[in-house]
Structures are given as C-alpha cells and as structure tokens.
1. What helices does the chain hold that run 18 Å or longer along their axis, going by alpha-carbon atoms, with a Kyte-Doolittle average of 0.0 or more, using DSSP H for the helix calls?
2. In 5 Å bins starting at 0, how do the alpha-carbon pair distances of region 1-97 split up by percent?
3. If exposed chymotrypsin sites (Phe, Trp or Tyr not before Pro) are those in a DSSP loop with at most 12 other Cβ within 10 Å, what is the longest stretch of the chain that has none?
4. May I ask for the equivalent-ellipsoid semi-axes of the chain, computed as the square root of five times each C-alpha gyration tensor eigenvalue and listed largest first in whole Å?
5. For an R0 of 25 angstrom, estimate the FRET efficiency from the Cβ-Cβ distance between Asp67 and Glu168 and round to the nearest 0.05.
6. Using Cα centres only, tell me the gap between region 74-110 and region 138-162 in whole Å.
7. Which residue, Asn174, Asn73, Asn61, has the most motion in a Gaussian network model of the chain that connects Cα atoms within less than 10 Å?
8. Arg161 versus Glu54, label points 7 Å from Cα toward the beta carbon: distance in nm?
Amino acid sequence: MRKVTAGLFYSVDGVAEAPDQFQFDSFDDELGAMLGSVMADVDTVLMGRVGYQEWAGYWPNAGQDMDFAGFINAVPKFVVSDTLKPEDLGWSNSSLIEGDLDAFVRELKARPGGTIAVMGGMSLVSQLLLAGLMDELTLIMHPVISGKGRHLFDASTPTTRLTLLRSEITSKGNAVLTYGRNDS
C-alpha cells in the first residue's frame, strides 16, 4: 500500500503559513538533499484549493531548470475544492477530486505507485492526519520565531498521539522531525 506524506516548514512558535517570510538564511544543503530524495519517491500530489491556486499562478512559468518546477509541473496533482470546477484547473496534470475525500485517498493508497505527497494545503494536511490517512508528517522547524501567521493545528484540534519516526538536525539548526500517528 502506498503511503501519504506531508512536509511543512515550521517556525519555533508553530507558524506554518508563508515560510518564505521566516526561512531567511536557515535553508541549507542538507534540507535541499532531503527534499530532493523526497521528490524522487513522490509520483502523486494532493493539494488544497488555496495552495493549488497560488502554486498554479507561479510554478508553470518558473524556469524549468529549477528542480522543483520540473517536478511539480510534471507530477499528477489531485485538487480538493468545494468551489472549483474541473474546467478551472488549467495547470498541467491537475484533476479535481469529486466525491468523498477520505474514500478517494483510501482508493488512491490502494493503487500501485509511489508516495503520495500533500502539498500546498495546511487544512488538507490536518484533515488527513486526523482521519488516520496520513502516514508521515514531517515538520521542518527553522530556528526562528515568526511572530505571526497560521498554525497547522488550532484550539479545536482534538488531542492526537504521534510517534517520532525520524529526526535530524541540520548544520544551520533546522530540526527535521517526522511523525506517524500513534493509534494505540
């Protein structure tokens, strides 16, 4: 069975929104290598509407020599939205998820293939984790306090036990923490 993963850049105070506003000089070669190895295993991407619309406005026109642009433009992307219609998805290899999200993800996990990555959708990451459909959640915590921005989880999130699967500290002090659900 395929696994569903997500990786989010995070500040020490728990902000996951707009990491370009707080990453500054903390992105290092180790993170680049880690992200490259993750991309090598991913052959399907799930996206939320907001992330899809933001990324669709940028990545199709980004230089193809950029590793991520080549990856994200070519990979099949499934978009979760109650407001978009299939004809609204002009970015290459994009399809709208119609029907029940949890059932779609369960069926997608049962198909042959590589890793399914959730990108560009904090609420989608939270929803799939809480539904028990997220196999791994990686938080890349930069050594910075953002001071403002959305958090992945809020006061309405139920207590959910996690298990630390892997951890690494990079040369610039980033803590890369990969968790799985602990349903015991």
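A short reminder: the numbers here are calculations on the coordinates, not readings from a lab. What you see is a predicted model; the values in this text were computed from it and never measured. Every residue, glycine as well, gets a Cβ built from its backbone with ideal geometry; the counts of neighbours run over all protein chains shown.
1. Numbers: long enough: 29-41 (19 Å, 0.55).
Within the chain the helices that satisfy the rule are 29-41.
2. Reading the bins upward from 0: 2, 11, 19, 22, 23, 15, 7, 2.
3. Numbers: sites that count: Phe24, Tyr58.
With chymotrypsin sites (Phe, Trp or Tyr not before Pro) excluded where exposed in loops, the chain gives 59-184 as its longest stretch.
4. Values: eigenvalues 117, 87, 56 Å².
Over the Cα atoms of the chain, the ellipsoid semi-axes are 24, 21, 17 Å.
5. Numbers: r = 20 Å, r/R0 = 0.82.
For R0 = 25 Å, the calculated efficiency reads 0.75.
6. What the calculation gives is 26 Å, centre to centre.
7. Judging by the Gaussian network model, the answer is Asn61.
8. 3.4
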